[in-house]
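The values are calculated or read from the model by the stated rules, or taken from the named source; none is laboratory data. Keep in mind that what you see is a predicted model, and the values were worked out from it rather than measured. Glycine gets a Cβ as well: all are built from the backbone with ideal geometry, and neighbour counts include every protein chain shown.
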Amino acid sequence: MLAFVSSPALAQSQPWLDTSKSPEERAKAAVAAMTIDEKLTLIFGFTDADDLAKQADDIVPAAVKAVVKANQVPGSSGFVPAIPRLKIPAQAQTDASLGVRVEGMQRTALPSSLATAASFDPTVPEAGGRMIASEARLTGFNTFLAGGANLAREPRSGRNFEYVGEDPWLAGKMAAGLINGIQSQHMVSTLKHFAVNDQESQRHSLDVTISPEAMHQSDLLAFEFAYEQSSPGSVMCSYNLINGRWGCENEYLLQKTLKQDWGYKGYVMADWGAVHSTADAANYGLDQFTGFPCCGDRKPWFAPKVFKAAIDKGEISMTRLDDMATRILWPLFSTGAFDDPAKAGPIDFRSNAAVAQKAAEDSLVLLKNDGNLLPLVGVKSVAMIGGHADKGVLAGGGSSAVMPVGGNPVPEADPKVWPDPVIYMPSSPMAALKTELPKAKVSYSSGNDIAAAVALAKSSDVAIVFVTQFMGEGMDSTLELKGDQDALVAAVAAANPKTIVVIESGGAILMPWKDSVPAILEAFYPGIRGGHAIARILSGKVNPSGHLPISFPASDAHLAHADIPGFDQPDGKAVHVTYDEGATIGYKWYDVKGFKPLFAFGHGLSYTTFAVSDTKATVDNGALSVGATLRNTGKVPGKGVVQIYVAPDDYKAAGWEAPKRLVAFHKDLVAPGSAAAAFAQKVDPRLLATYEVADNSWRVKAGTYHVLFGQASDDLPISVDITLPDMIWSAVHN
């Protein structure tokens, strides 16, 4: 493919090639030059060419099948053919948020999105986004099916590891960071899965009931922040029903909220297998049905023959088709994907692995460190136990799973069917720790024989137990660790008082052994160099700086929902869930109920100590600005996070769902005995407001509010009082 260079003559005859024009002007000009068949080409895409070959020629003509076969990256997720007459490139689509997923190819895997959210630093996912986008372009792709922003409403949801936490402000900023990184490389990124796609059980048939007020103050607010801060080229609608309407034909979400109120210019893409109609889907906001045939697609709803018949019957207007085509083209121009086409080429995997390792080092969370057991200094012998720590680190399953460079070192792990064979990253914590502690004897026990593990622990200065929790797309989990892992930890801890637990998980877990071990490190799914990152933190070469983007429950009894509807049952059963907790998610739920979590949202320890000072909270014409200084009061350099929350004097009178909300955070590297430069941030007024459905507005109720400063949601020792006036403004973006 060649880059397009504008010339006066060409610009006059084909104005969409004129780079001096705006993306909107170029998209409209291209659509104006299209035939109806060319427009229909844009709205219907394909997945595996071999599966496509089995479809009837009257649905997908043989010539189109041949084009897909000849041009699609084999094993990729989706492909929308080019329009050569107008120089419109094909849309080559790849999964997902953690790296390039292509059957038969090895690529660099980032830590899970939940892990990078724990960095509390949007530049971390942004750097990761740039890296995985560069690999995608060099593999031949121009569209990334990335940017998960669903809130961790259900702690047991199988895809929480793909998402970015339980708080709208944190989730929005971290999702935007990834999307900005991807789109900076002249690629289109999605933002997904819109919306309230908060569990995997029965995801194709689940009907979610939630009030508009609660949606706008939780799930939709996270998407709104992510959209505003990144301008994603595409928004992917979800499988589930929301208030009785399918996500991909939900007029309230797609047409009214996203396109009309928020002013979204890009296109809505359906998740694979999430389309249920032609006219309703198109008229209520869906712009592209791609990935056909896949995932139980019932009919080729947007196939040219089918869609043209709906137009001929008057069910869909030509104006709507033009709008769909314009929206699909807009991000190709706005991101530079049109003018700088992707081209396959060599990839610098070594440099990219370093990016992934840096992301992990910024994201792992030290949950507990009694007696400063960590970092490991002067130890002569270390017992490493369990979790295949001699071979690698665990990854999540499903469409985001990346086959890593170097392959899967644990191919025997179960399950071997969807959501994928279980993949481990070839980054052995044991090998890495041997490098970091060359004078120590590091020995390994699989943990399958608890007695053998106990014997090794007794004979070692320190024992490190690795526990794993596999989670994946299409399945939810429990908070309990599988197998005998809890018993293993308890037995090792009883044998060696210097026991450290390293957790590789897709989200929160229960820890019945928490009080029996002095140190716990949450690694999440740490990516292709995760073992190296773990070893560098254990050895003290890296100071941990991650903070939890989710709350860890102390008990199943503390969850908003005792059971997950349809859990562990065959897919396709019609089930319903009412989110009567509304916007009271995560730490907000614990605050309202008075439950003490196992570990609180925002919690994270360091090998140094920090103090927050010079706190400021000022109100100017109703606008709140906050600021503070972060000081390192310890003895080693470290990255600290200042977290700022706001609490109304009476949260119920203010109309809030919970006593406090996160409104700002800031991370900085600070030398010992020094202070970082003071920071200041303006607080988004929606974080102080309630959504009023009657007139589609946001409202702040006048009164006294407390601005709380600290380093975790349960560690906020400084309070500054402010007075806010009554304010109301439209939810429609200007």
Taking first residues from region 469-481 that are without any contact (Cβ under 8 Å) to a residue 40 or more places away in the chain and second residues anywhere that are among the β-branched types (Val, Ile, Thr), the pairs with Cβ under 8 Å that are 6 or more apart or on different chains are Glu480/Ile509; Leu481/Val467; Leu481/Thr468; Leu481/Ile509
Report, ordered by the first and then the second residue, all pairs with beta carbons closer than 6 Å, sequence separation of six or more or different chains, a first member in region 599-623 that is more than 17 Å from Leu716 (Cβ to Cβ), and a second member that is outside any loop (DSSP other than H, G, I, E, B).
-> Ser606/Gly638; Thr608/Asn632; Thr608/Gly638; Thr618/Ser625; Val619/Ile722; Gly622/Met727
Breaking point among (1) in a loop (DSSP other than H, G, I, E, B); (2) within 17 Å of Leu145 (Cβ to Cβ), for Gly45 = (1)
Scanning region 138-178 residue by residue, those over 30 Å from Tyr590 (Cβ atoms) and buried (at least 24 other Cβ atoms within 10 Å of the Cβ) turn out to be Phe141, Asn142, Thr143, Phe144, Leu145, Ala146
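Condition check ((1) at pLDDT below 95; (2) in a strand (DSSP E or B); (3) under 22 Å from Val208 (Cβ atoms)) across all residues:
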{"site": "Leu254", "(1), (2), (3)": "no, no, yes"}
{"site": "Thr257", "(1), (2), (3)": "no, no, yes"}
{"site": "Ser277", "(1), (2), (3)": "no, no, yes"}
{"site": "Ala281", "(1), (2), (3)": "no, no, yes"}
{"site": "Cys295", "(1), (2), (3)": "yes, no, yes"}
{"site": "Trp301", "(1), (2), (3)": "no, no, no"}
{"site": "Glu315", "(1), (2), (3)": "no, no, no"}
Does Ala658 meet the test of being under 30 Å from Asn543 (Cα atoms) and in a loop (DSSP other than H, G, I, E, B)?
-> no
From (1) within 19 Å of Tyr525 (Cα to Cα); (2) at pLDDT 95 or above; (3) of a type outside the set (Asp, Glu), pick out the condition that doesn't hold for Pro411.
-> (2)
Taking Asn243 and the conditions (1) over 14 Å from the mean Cα position of the chain (by Cα); (2) under 15 Å from Asp287 (Cα atoms), which numbered condition does it fall short on, given that it satisfies the others?
-> (2)
Residue, nearest to Thr257 (Cα to Cα), within region 661-713, restricted to residues that are part of a strand (DSSP E or B) and of a type in the set (Gly, Ala, Ser) | Ser697
Determine, yes or no, whether Asp614 is at pLDDT below 95 and not aliphatic (A, V, I, L, M).
-> no
Would you be able to say whether some residue in region 359-369 is over 23 Å from Ser205 (Cβ atoms), in the same structural domain as Trp513 (by TED's automatic domain parsing), surrounded by fewer than 21 Cβ atoms within 10 Å (Cβ to Cβ) and modelled with pLDDT of 95 or more?
-> yes
Report yes if Phe289 is farther than 23 Å from Gly398 by Cβ, touching a Phe, Trp or Tyr at 6+ places or on another chain (Cβ under 8 Å) and crowded, with 24+ Cβ neighbours inside 10 Å, otherwise no.
-> no
Quick check: is even one residue across region 169-182 modelled with pLDDT of 95 or more, more than 30 Å from Asp563 (Cα to Cα), in contact with a Leu (Cβ under 7 Å, 6 or more places away or on another chain) and assigned to a helix (DSSP H, G or I)?
-> yes
Matching option when the condition is surrounded by fewer than 17 Cβ atoms within 10 Å (Cβ to Cβ) and among the acidic types (Asp, Glu), among Asp695, Asp668, Asp684 | Asp695
Of the residues in region 65-101 that are in contact with a helix residue (DSSP H, G or I) (Cβ under 7 Å, 6 or more places away or on another chain), of a type in the set (S, T, N, Q) and in a loop (DSSP other than H, G, I, E, B), the one that is surrounded by the fewest Cβ atoms within 10 Å (Cβ to Cβ) is Gln72
For region 477-521 the number of residues that are within 13 Å of Lys368 (Cβ to Cβ), within 24 Å of the chain's Cα centre (by Cα) and surrounded by fewer than 22 Cβ atoms within 10 Å (Cβ to Cβ) is 0
Output yes when any residue across region 350-366 is assigned to a strand (DSSP E or B) and among the aliphatic types (A, V, I, L, M), and no when none is.
-> yes
Looking at region 199-218, is at least one residue outside the structural domain of Pro404 (by TED's automatic domain parsing), within 29 Å of Val355 (Cα to Cα), in contact with a Phe, Trp or Tyr (Cβ under 6 Å, 6 or more places away or on another chain) and hydrophobic (A, V, I, L, M, F, W, C)?
-> no
Collect the residues in region 460-517 that are outside any loop (DSSP other than H, G, I, E, B), within 18 Å of Asn160 (Cα to Cα) and not aliphatic (A, V, I, L, M), keeping them in residue-number order.
-> Thr468, Gln469, Gly472, Glu504, Ser505
Can you name the number of the only condition in (1) more than 24 Å from the chain's Cα centre (by Cα); (2) hydrophobic (A, V, I, L, M, F, W, C); (3) modelled with pLDDT under 95 that Phe567 fails?
-> (1)
How many residues, within region 102-136, are over 30 Å from Pro155 (Cβ atoms) and outside any helix (DSSP H, G or I)?
-> 5
Name the pairs whose Cβ atoms lie under 6 Å apart, with the first residue in region 254-279 and farther than 25 Å from Phe292 by Cα, the second surrounded by fewer than 18 Cβ atoms within 10 Å (Cβ to Cβ) and β-branched (Val, Ile, Thr), and 6 or more positions between them or separate chains?
-> Asp261/Val732
